[in-house]
Amino acid sequence: MTSGTLDHSARAIACARWLELRCFEILGGWVPSTAEPEAKLAFARQSHHHAWHADLFARVFPVASGLDVGPADRAHDGWAGALDRMEALTTTPDRLTAVFAVLLPAKLAAYERWLLELDPVRDAPLRRWLGFVVADERADLAEGRNLVAGVHPPGGSPGRTAVEVALTDAGPLLG
């Protein structure tokens, strides 16, 4: 992702905000149907982290006359489809694996690349908020990996496979 134009920055921010809102919806939606207390608490807590991240991105969304961001309410269809597949998972091991072994590492890597590419002066407010999001995602990922290690089924996880294939096919999130 290159943050050269205001339009491009606006599209990336809109995409990241959409992704955070979907993560909030998905993880929060899993809470009632998750029996395992540690996973239930992690989904509940982390869903609210994603809502906060979406709020941070909304705060730095550029407002300018003639700004061309296109559809700002979602990422491209590949990512939307991957998250729909993830949302449909029904077992806790599949859900944990899809989120913490596939989605969060991919999302964190995209955010870290984005953070490195931002201009320290022009993009200072975005860099500040994105830095908070990255730190939060790292902590959430560490917590989630511990949960995955405790429930990892032998022979792999259908949740990992389904979401991994969908995200690989989806291509870069912010690019």
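Condition check ((1) buried (at least 22 other Cβ atoms within 10 Å of the Cβ); (2) polar (S, T, N, Q)) across all residues:
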position: ASP84; (1), (2): no, no
position: ALA88; (1), (2): no, no
position: ASP94; (1), (2): no, no
position: THR97; (1), (2): yes, yes
position: ALA101; (1), (2): no, no
position: PRO105; (1), (2): no, no
position: ARG113; (1), (2): no, no
position: VAL133; (1), (2): yes, no
position: ALA139; (1), (2): no, no
*Here is a list of conditions, (1) closer than 18 Å to TYR111 by Cα; (2) modelled with pLDDT of 90 or more; (3) charged (D, E, K, R), and GLU38 meets all of them except one; can you say which number that is?*
(1)
*Applying the selection to segment 122-162, what residues are modelled with pLDDT under 90 and closer than 24 Å to ARG11 by Cα?*
ARG122
*Hey, ASP55 exposed (fewer than 15 other Cβ atoms within 10 Å of the Cβ) and charged (D, E, K, R) or not*: yes
_Report every pair of residues separated by at least 6 positions or lying on different chains whose Cβ atoms are under 7 Å apart, first residue within segment 118-136 and of a type in the set (Phe, Trp, Tyr), second surrounded by fewer than 17 Cβ atoms within 10 Å (Cβ to Cβ)._
TRP129/ARG59
*Does SER9 fit the bill of being loosely packed, with under 15 Cβ neighbours inside 10 Å and not basic (Lys, Arg)?*
no
*Take the residues in segment 17-40 that are among the charged types (D, E, K, R) and part of a helix (DSSP H, G or I), then tell me which one is nearest to TRP79 (Cα to Cα).*
ARG22
_Please count how many residues of segment 76-116 are at pLDDT 90 or above, outside any helix (DSSP H, G or I) and under 15 Å from ALA12 (Cβ atoms)._
0
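The values are calculated or read from the model by the stated rules, or taken from the named source; none is laboratory data. None of the values given here were measured: they were computed from a predicted structure. When we count neighbours, we look across all protein chains shown, and the Cβ atoms used for this are built from the backbone with ideal geometry, even at glycine.
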